[in-house]
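Only one structure is covered here, and it is reproduced in the block below.
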Amino acid sequence: GQQVMQIPQYQHVQEGEDFTTYCNSSTTLSNIQWYKQRPGGHPVFLIQLVKSGEVKKQKRLTFQFGEAKKNSSLHITATQTTDVGTYFCAGDAGGTSYGKLTFGQGTILTVHP
Amino acid sequence: GAVVSQHPSRVICKSGTSVKIECRSLDFQATTMFWYRQFPKKSLMLMATSNEGSKATYEQGVEKDKFLINHASLTLSTLTVTSAHPEDSSFYICSARERLDPNGELFFGEGSRLTVL
């Protein structure tokens, strides 16, 4: 079945440093979504990428979808303590799996002030 | 934004008893809801897809007789953990999509932490 691999598993940064998490799918995706889960909280939707090579920005966050629609990345510029949490990518393979997301393992980000 | 309410947020039960968890979409209709299980510092593992008015679709390895799912209306899905055992202790999270946006974002409930003694 479809697998979504996400690296790194953990990332510790000093406040102000940049952060990137990478996501790779074993199959071509219809779309990919990113979620953030704060400690003790539930996942919250960040963004959805649909088009090949798409790049979207939300303030200090930059999301990319690969040309082959199999990989994606989330980059945070100048991290802040409020960025702490686990970032998950989730891929939708489409077809018979339409609408069903497969989540990556997540990257746990800690930011030291 | 859309809100999904999950209840109870925490539940402790004795081994052998059954526990029901509710997932409600408060301001939208959801034809499909999803149930996940999450272990500490781990990813979300999809357990089943709950379809309004029909049987749930379970992922491989998930016991349908143990994890009963009912989706009786467009705003409510329930997960019943039957004859719970300590290994069933986990964080269970539901999610839902708006009926009119079947490929859009998922709205997650707050999660239910189950502890089986």
Flagged in the stretch B:26-48 as under 22 Å from A:MET5 (Cα atoms) and of a type in the set (S, T, N, Q), in numbering order, are B:GLN38, B:SER43
Discussion item. Looking at the stretch B:20-35, can you tell me whether even one residue there is part of a helix (DSSP H, G or I), at pLDDT 90 or above and more than 10 Å from every other protein chain (Cβ to nearest Cβ)?
Written reply: no
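Yes or no, residue by residue, for (1) within 14 Å of chain A (Cβ to nearest Cβ); (2) buried (at least 17 other Cβ atoms within 10 Å of the Cβ):
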site	(1), (2)
B:SER43	yes, yes
B:SER54	no, no
B:THR82	no, no
B:PRO86	no, no
B:LEU114	no, yes
Restricting the stretch A:6-40 to residues that are among the small types (Gly, Ala, Ser) and either open to solvent by 60 Å² or more (accessible area, probe 1.4 Å) or touching a strand residue (DSSP E or B) at 6+ places or on another chain (Cβ under 8 Å) (or both), the one nearest to A:GLY53 (Cα to Cα) turns out to be A:SER30
All conditions in (1) facing another protein chain (nearest Cβ under 9 Å); (2) without any contact (Cβ under 8 Å) to a residue 40 or more places away in the chain; (3) not basic (Lys, Arg) are true of B:GLY109 except (2)
Condition set assigned to a loop (DSSP other than H, G, I, E, B) and buried (at least 19 other Cβ atoms within 10 Å of the Cβ), scope the stretch B:56-79, selection nearest to the other protein chains (Cβ to nearest Cβ): answer is B:ALA56
Within the stretch A:38-75, the residues that are aliphatic (A, V, I, L, M) and more than 24 Å from B:SER95 (Cβ to Cβ) are A:VAL55, A:ALA68
Inset, instruction - Within the stretch A:77-84, identify whether any single residue is open to solvent by less than 10 Å² (accessible area, probe 1.4 Å) and assigned to a strand (DSSP E or B), and answer yes or no. - result: no
Restricted to the stretch A:91-111 and to residues being within 16 Å of A:THR20 (Cα to Cα) and part of a strand (DSSP E or B), the residue farthest from the other protein chains (Cβ to nearest Cβ) is A:VAL111
Within the stretch A:20-61, residues outside any strand (DSSP E or B), away from chain B (no Cβ under 12 Å) and without any contact (Cβ under 8 Å) to a residue 60 or more places away in the chain come out as A:SER26, A:LYS51, A:SER52, A:GLY53, A:GLU54, A:LYS59, A:ARG60
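The values are calculated or read from the model by the stated rules, or taken from the named source; none is laboratory data. These figures come from a predicted structure and were not determined experimentally. So basically every Cβ, Gly included, is an ideal-geometry build from the backbone, and we count neighbours across all protein chains shown. Remember, those area values only see protein heavy atoms, side chains included, never the ligands or the DNA or RNA. Shrake-Rupley method; radii C 1.70, N 1.55, O 1.52, S 1.80 Å.
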